[in-house]
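Remarks on the structure that follows.
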Amino acid sequence: MQSPTMDPAPPEQPFVVFEVTGELDLHNQDGFEAEVTRRLAEGSVVIDLSHLEFLSISSLRSLLVCERSATASNRQVVYAGPPRQARRLIEVAGLTEVLRMSATLRDATDQVGRD
């Protein structure tokens with residue numbers, strides 16, 4: 001995974017958008033978790049996966065850690081635009097009922113705060 005970029009949401013919106021590019025795997029998943037947890041202190045987080053090239057099975061744990069951190073801080077994490085490989089891995093792992101997923105970034109930003 002390249003260094004993730006963080007684009008803060010406009011001040012009137014209670015969330016930040018976190019874009020993940022490249023690969024999310026054993027080598028960078030701890031940094032991913034730390035960054036999402038840090039951003040959860042500011043509000044809910046929308047994680048844009050549309051530029052993700054690969055999601056490893058070990059990184060599913062990271063997605064769950066982020067979900068638990070969000071729940072513990074009364075925030076939300078919404079994953080936007082996961083590519084086919086990531087979506088399939090999440091489905092096979094049975095996490096579609098646990099993780100908030102949206103097909104597009106716009107859908108994800110609309111979903112924050114509704115659930």
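The values are calculated or read from the model by the stated rules, or taken from the named source; none is laboratory data. Being a predicted model, the structure only gives us computed values, none of them experimental. No Cβ is skipped: glycine too gets one built from the backbone with ideal geometry, and neighbour counts run over all protein chains shown.
Looking at F54, is it of a type outside the set (A, V, I, L, M), farther than 18 Å from N74 by Cβ, at pLDDT 95 or above and part of a strand (DSSP E or B)? It would help to see each step written out before you state the result.
Values: of a type outside the set (A, V, I, L, M): yes; farther than 18 Å from N74 by Cβ: yes; at pLDDT 95 or above: yes; part of a strand (DSSP E or B): yes.
For F54, the condition - of a type outside the set (A, V, I, L, M), farther than 18 Å from N74 by Cβ, at pLDDT 95 or above and part of a strand (DSSP E or B) - is met.
Which of the residues spanning the range 61-113 are outside any loop (DSSP other than H, G, I, E, B), basic (K, R) and in contact with a helix residue (DSSP H, G or I) (Cβ under 8 Å, 6 or more places away or on another chain)?
Narrowing the range 61-113 to residues outside any loop (DSSP other than H, G, I, E, B): 61-72, 77-80, 84-92, 100-102, 105-111.
Subset that is basic (K, R): 61, 68, 84, 87-88, 100, 106.
Within the range 61-113, R61, R100 qualify.
Give the range 20-48 a look and list any residue that's of a type in the set (G, A, S) and buried (at least 19 other Cβ atoms within 10 Å of the Cβ), or say none.
From the range 20-48, those of a type in the set (G, A, S) are 22, 31, 34, 41, 43-44; that's our starting set.
Hit for the range 20-48 is S44, nothing else.
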Any chance the range 49-60 includes a residue that's surrounded by fewer than 14 Cβ atoms within 10 Å (Cβ to Cβ) and over 13 Å from the mean Cα position of the chain (by Cα)?
yes
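Would you mind stating whether L64 is surrounded by fewer than 18 Cβ atoms within 10 Å (Cβ to Cβ), free of Cβ contacts under 8 Å to residues at least 60 places away in the same chain and over 11 Å from the mean Cα position of the chain (by Cα)? Show your work before the answer.
Numbers: surrounded by fewer than 18 Cβ atoms within 10 Å (Cβ to Cβ): yes; free of Cβ contacts under 8 Å to residues at least 60 places away in the same chain: yes; over 11 Å from the mean Cα position of the chain (by Cα): no.
So L64 fails the test.
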